[in-house]
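Enquirer: Take this structure first; my questions come after.
The values are calculated or read from the model by the stated rules, or taken from the named source; none is laboratory data. The structure presented is a predicted model; accordingly, all values stated were derived computationally and were not measured. Neighbour counts are summed over all protein chains in view; Cβ atoms, including those assigned to glycine, are modelled from backbone coordinates with ideal geometry. The area values use the complete protein model at the heavy-atom level, side chains included, leaving out ligands, DNA and RNA. Shrake-Rupley method; radii C 1.70, N 1.55, O 1.52, S 1.80 Å.
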Amino acid sequence: TSISASAFVGCAGLTSLTIPSSVTSIGASAFSGCSGLTSVYFLGNQPTVGTNAFAGNATATVYYIPGKTGWGTSFAGRPAAVTPTNTPLTFTFTTTGTTITITGSNPKASGALVIPAKINNLPVTSIAAYAFYESSGLKTVTIPKSVTSISETAFGGCTANTGFTVDALNTAYTSVNEVLFNKAQTKLVAFPAGKTGSYTIPAGVASIDAGAFANCLGLTNVTVPTTVTSIGELAFLGCAGLTTVTIHGSQPTIKIGAFAGCTALTSIYFSGNQPIVESNVFLGDRNATVYYVQGKTGWGTSLAGRPTALWKPSAPVSRPDTVVRTIPMLQETPSAIKNPLETVVPLTPPTTVMKNLIVLQTATNSPNSVWIPVVSNSVGGEQSQQFYRFRAPILEAAPDLANPVWTPVATNNVTTNQLQRFYRLLLQ
């Protein structure tokens, strides 16, 4: 209940001090000569104080909790002020040996949250599960190099949080575009719930932590790469604005309630085999349909209580039998196409059928495409991933390149006995 006179006199290396609410009196010269002291935090009412208690402490400021009695603008010759938000005083924590684990804050964190590197001169190494869960006023989070363990859901549901920043010297964690990852970037630890729009999880991430995206109300679309093998419990819980999820990979595990409460979710696309799903994965997602690719295994008429349907991706698919890399030059009166990649029907007997140059066209989406000419007769790079067709002398089209049925759509400058002969190029 008391601190004796001259108890800490001359402790020049003392920088910060927290005095519990049980202390009601401080003796004379108790902290005299503590020249490095900058912050003195009181948890209770103003105690009685002897003379020169803080003599020689020119940089010290006294902080007190709002609502505690007896405090004014100064104390024992030093200025006094209300404890600022997110100083070590506001954190609740446990001490294990010589390290600190933050378990929360009182009141809930708000504004720019800076996790301290030390509390009571002990390093902060851990942040407990649910430590800052649903701290709706929290806007940004800064994590020091000392923190080596952050439990799942520590920052879940912080709906105003727009980003994480991690000290570059931290050996356990990093932030990429303000998203929190482990240092190796194989685990997505926490997504700022205040971010909006679409998000593509980077390739290389193998797992998504439990509650990582919880209550991201402005998130609309998510793409999960092939490297992700595990989506944690309640990972996307309550993402009420999420409408579309695309999950690549052969057979990821989706844990309990991963997408529960995503009430706007209408489409979940899987490019691989049926995933391993636990219970209540789509709980409350009454408008959601699961789409899968033909030929992938394990699929039935429903998944986790939601109906399934065949997915026909509109994006171009790289298919060896539809990629054209070089276009041979055609003669004016050929007996056959020279150096062909493939011809369905040879041009025989010899006859003049080429009155215009053959033009190769390309499109990114065959069902509703806009075909444009390929300028070079050597096709490569991104163009090798598109769909191709001949413009003359005979044009044939296939509405679905996954299962093509080629039909003629034009007959320009072709002799009568050539009208039913169709051509296409295949990679050899």
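Enquirer: Taking the range 221-275 as the region of interest, what is the percent of Cα-Cα pairs per 5 angstrom bin, listed from the shortest bin to the one with the maximum distance?
Expert: Pairs per bin, as whole percents: 5, 21, 29, 29, 14, 2.
Enquirer: Could you please state how large a percent of the accessible area of the range 1-156 is carbon and sulfur, counting protein chains only and using a 1.4 Å probe?
Expert: Its accessible area is 54 percent carbon and sulfur atoms.
Enquirer: Further question: Write down, largest first, the equivalent ellipsoid semi-axes of the range 1-116 in whole Å, where each equals the square root of 5 times an eigenvalue of the alpha-carbon gyration tensor.
Expert: Equivalent ellipsoid of the range 1-116: 24, 16, 14 Å, largest first.
Enquirer: Turning to a different aspect of this structure: If we count every other residue with Cβ under 12 angstrom of Gly211's Cβ, Lys/Arg +1 and Asp/Glu -1, where does the sum land?
Expert: Net charge in that neighbourhood comes out at -3.
Enquirer: Given the convex hull over the Cα atoms of the range 210-313, what projected area results after averaging over all orientations, in nm²?
Expert: So the mean shadow area of the Cα hull is 5.4 nm².
Enquirer: Over 25 Å, how big is the tail of the calculated P(r) for the range 168-271, in percent of all Cα pairs?
Expert: Percent of Cα pairs beyond 25 Å in the range 168-271: 12.
Enquirer: Quick one: grab the alpha carbon gyration tensor of the range 59-129, order the square roots of its eigenvalues as a ≥ b ≥ c, and give me rounded if a/c is under 1.5, else prolate or oblate depending on whether a/b is larger than b/c.
Expert: It is prolate, given that a/c is not under 1.5 and a/b is the larger ratio.
Enquirer: Continuing with this model, one more query. Within straight cross-link reach of Lys296, meaning Cα distance under 17 Å, which lysines are found once same-chain residues fewer than 8 apart are removed?
Expert: Candidates past the 8-residue exclusion: Lys312.
Enquirer: Over what distance in Å are the Cα centres of the range 96-133 and the range 4-45 separated?
Expert: With the range 96-133 and the range 4-45 each reduced to a Cα centre, they are spaced 23 Å.
Enquirer: If you don't mind, there's one more thing I want to ask. Could you tally the net charge around Ile231, taking each other residue with its Cβ under 15 Å from the Cβ of Ile231, Lys/Arg +1 and Asp/Glu -1?
Expert: That sum, taken over residues with Cβ under 15 Å, equals -3.
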